Amino acid sequence: MIAAEPPPSPPTAEAVVISRRESSEVVASLDTPLVLSKAGQREQAFVRQAVFVTTSLSLVRPASGAPAPDGWRWAHQAFLQRQICFSSITGLFACAEASVQPLIHAENGEAPVSPVDPEAAPESEAARKRLADGLKPKAAALFEADRRQHIDPMLKAAGVVAARR
């Protein structure tokens with residue numbers, strides 16, 4: 001018979017989530033039209049890119065049972081999404097599956113609930129705005145780097161020559 005130690009008890013939660021709100025916001029987007037050619041054939045395409053921020057805002061209460069005020073916890077994370085779309089001479093178009101990658105840009109934090117306005121989390125909103133405003137001037141460089149790193153190598157591997165319209 002094999003005896004083993006009992007599994008460790010799960011850690012006790014430090015807080016209980018009372019409510020949670022999640023949202024996404026597009027900070028910048030770009031559609032780059034392309035003419036793809038290979039072996040004498042031409043096709044209209046475009047690369048659709050977007051930088052967006054997702055937000056998770058939670059109202060939490062201490063799990064210890066000790067009387068303590070509720071608090072806000074938030075996480076704002078930036079992402080870049082890319083998608084290649086093609087159009088035909090009939091005007092129909094189709095898009096490949098979108099690819100999303102997290103960026104290094106993020107804001108996280110905590111704050112007590114204000115007795116003046118318990119439904120608002122102004123510190124979270126300020127952090128979201130700071131993140132979004134910081135990404136806007138960087139978006140063009142992010143799109144260009146993403147195109148060079150992900151789109152151009154894929155088209156080259158397919159033997160396609162891409163020219164901007």
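(1) open to solvent by 60 Å² or more (accessible area, probe 1.4 Å); (2) in contact with a His (Cβ under 6 Å, 6 or more places away or on another chain): which one isn't true of I104, the others all being true?
(2)
Would you point out which residue out of S114, S124 is surrounded by 13 or more Cβ atoms within 10 Å (Cβ to Cβ), touching a Lys or Arg at 6+ places or on another chain (Cβ under 9 Å) and under 24 Å from S23 (Cα atoms)?
S124
Regarding A75, is this residue surrounded by 13 or more Cβ atoms within 10 Å (Cβ to Cβ), in contact with a Gly (Cβ under 9 Å, 6 or more places away or on another chain) and not aromatic (F, W, Y)? Spell out how you get there, then give the answer.
Details: surrounded by 13 or more Cβ atoms within 10 Å (Cβ to Cβ): yes; in contact with a Gly (Cβ under 9 Å, 6 or more places away or on another chain): yes; not aromatic (F, W, Y): yes.
Answer is yes for this residue.
The values are calculated or read from the model by the stated rules, or taken from the named source; none is laboratory data. Just so it is clear, the model here is predicted, and its values are computed rather than measured. Every residue, glycine as well, gets a Cβ built from its backbone with ideal geometry; the counts of neighbours run over all protein chains shown. The protein model used for the area step is the full one, side chains on, heavy atoms only, and it has no ligands, DNA or RNA in it. Shrake-Rupley method; radii C 1.70, N 1.55, O 1.52, S 1.80 Å.
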